[in-house]
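Have a look at the structure below before the remarks.
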Amino acid sequence: MQASKQQTPARQFTTFAGPCSAESLSQLKAVARFIKKWNEEHNLQIQALRAGVWKPRTHPGEFDGYGTQALEWLQQIKTESGLAVATEVATAHHVECCLKAGIDILWVGARTTSNPFLMQEIASALQGCSLPVWIKNPISPDLGLWRGAVERVAATSKGFIGAIHRGFGLYNSAPYRNAPLWEIAVEMKRSCPHIPLLCDPSHIGGKRDLVAEIAQTGVDLEMDGLMIEVHPEPEKALSDARQQLDLKAFEQLLSGLRFRDTQSSTARMTQIRCILDEIDDELVQLIARRMRLVEEIGKLKKASNLSVLQMDRWNTVVERALDQARTQGLDENFVRSLFNCIHSEALRLQQDSKKEEN
Ligand code: PEP
Ligand code: MN
């Protein structure tokens, strides 16, 4: 391992690393040795060793963790290495076992965040506890559900609460295992500035080759740290074998991270931002003007007993916009989704005016 003092994020940065599942004491010891050595030689610190002991698996019969036996391994790692250890809880019983075993940090997985009954059960088990809890986003792209899970834990626990962005399960999220939908993570950060947000590039990517690049995107978007799956022999892993990094690849990822200055700006940037603000004002005014005309047409449609949606007209609008997009060198998918958004608001306005007049 090459000593480097270059990784010095200006902000507080938290990293958790370790295997998807705790599979043996020797596996955990190998990761713990790596973390200790890395921490001795670098400014960028890894704060805890992560390992799942109860694994939520998609199909019955798949390896679902070594449970309390694995908790004992984590206890031993903590005692021998002095590292903090973190694991996932999905029920009140898991929380109780972790409290007894002296686990330092808990996280709640995506499948659990999705279920308010389980979240409430976990929150009640954490009543008065000071253990840090990190809450992953729910499987579905639902910011409310994510924030609701945070609120439930905040209402009972006395400990620190953080959030983890691990991507969202969509029918088609290629090339990712879970679509990043960065805008939801950014909105989580914007709306809950007091909750630190880690990026989990392993579960977003689902493939080793994607992990480093996603981690860098997380850093560039001012995430407060990373949770990364690391395994001494990833190809033999009992869960998530395709996405875990070996120790060498993990070392390369950490060494390659670039922390850029996200706060300051140059005079030219300030000048451009003033122009952008003006353009944004004009955009909103133009959209408002378009929507007023849309409402007027809505009334005419109603008076002439015409349906709200007229597909031929809508196709023409989209085709014209896409022609313009090509001429202006804009991305067609972007323009298509922008117009879909405008159109759904136009339909809503026309339907609402129809309801009012009925
Ligand atoms: C995990 O971190 O191993 C895990 C199961 O994560 P997620 O809940 O994001 O699927
Ligand atoms: Mn995993």
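Over the chain, Cα pairs under 8 Å with separation of 6+ residues give a relative contact order of 13 percent. Probe radius 1.4 Å, ligands and nucleic acids ignored: give me the carbon and sulfur share of the accessible area of region 267-357 as a rounded percent. The C+S portion of the solvent-accessible surface of region 267-357 is 55 percent. Of the residues 66, 171, 176, ranked by 1.4 Å probe accessible area with the largest first, the sequence reads 171, 66, 176. Look at where the Cα atoms of region 9-53 and of region 288-358 average out, and the two centres are 52 Å apart. Report the Cα centroid-to-centroid distance between region 250-282 and region 133-149 in angstrom, as an integer. With region 250-282 and region 133-149 each reduced to a Cα centre, they are spaced 27 Å.
List, in order, the whole-Hz ³J(HN,Hα) value for each residue of region 143-160 obtained from phi through the Karplus relation with A = 6.51, B = -1.76, C = 1.60 and θ = phi - 60°; use x for Gly and Pro. So the J values, rounded to whole Hz, are 4, x, 5, 5, 5, x, 4, 4, 4, 4, 5, 4, 6, 10, 7, 9, x, 5.
Taking the solvent-accessible surface of protein heavy atoms with a 1.4 Å probe, what is the per residue accessible area of the chain in Å²?
52 Å²
Between 174, 86, 125, the residue with the greatest mean-square fluctuation in the GNM of the chain (Cα pairs under 10 Å linked by springs) is 174. A crude spin-label estimate for the pair residue 155 and residue 258, with each label 7 Å from Cα along the Cβ direction, gives 4.5 nm. A simple spin-label model places the labels of residue 281 and residue 318 3.5 nm from each other, with each point 7 Å out along Cα-to-Cβ. Note on residue 96/residue 58: beta-carbon distance plugged into 1/(1 + (r/R0)^6) with R0 of 30 Å gives a FRET efficiency of 0.70. Residue by residue, region 122-130 carries 3J(HN,Hα) couplings of 5, 4, 5, 5, 8, 3, x, 7, 10 Hz when phi is fed to the Karplus relation 6.51 cos²θ - 1.76 cosθ + 1.60 (θ = phi - 60°); x denotes Gly or Pro. Considering only 290, 147, 320, the mean-square fluctuation computed in a Gaussian network model of the chain, springs between alpha carbons under 10 angstrom, is largest for 320.
Taking 57, 268, 177 as the candidate residues, the one with maximal mean-square fluctuation in a Gaussian network model of the chain, Cα springs under 10 Å, is 268.
DSSP finds beta bridges in region 123-273, and of those with both partners inside it, around 10 percent are antiparallel.
Under the classification rounded if a/c is under 1.5, otherwise prolate if a/b is larger than b/c and oblate if not, where does region 267-357 fall, given a ≥ b ≥ c as square roots of the Cα gyration tensor eigenvalues?
Oblate, since a/c reaches 1.5 and b/c is not below a/b.
Partners of residue 37 within straight-line reach, counting aspartates and glutamates whose Cα lies under 18 Å from its Cα and excluding those fewer than 8 residues away in the same chain: 80, 229, 246, 251.
The values are calculated or read from the model by the stated rules, or taken from the named source; none is laboratory data. On a predicted model such as this, the values are computed, not experimentally measured, just so you know. Here the Cβ is made from the backbone with ideal geometry for all residues, glycine too, and neighbour counts use every protein chain on show. Quick note on the areas: whole protein, heavy atoms, side chains included, nothing else; ligands and nucleic acids left out. Shrake-Rupley method; radii C 1.70, N 1.55, O 1.52, S 1.80 Å.
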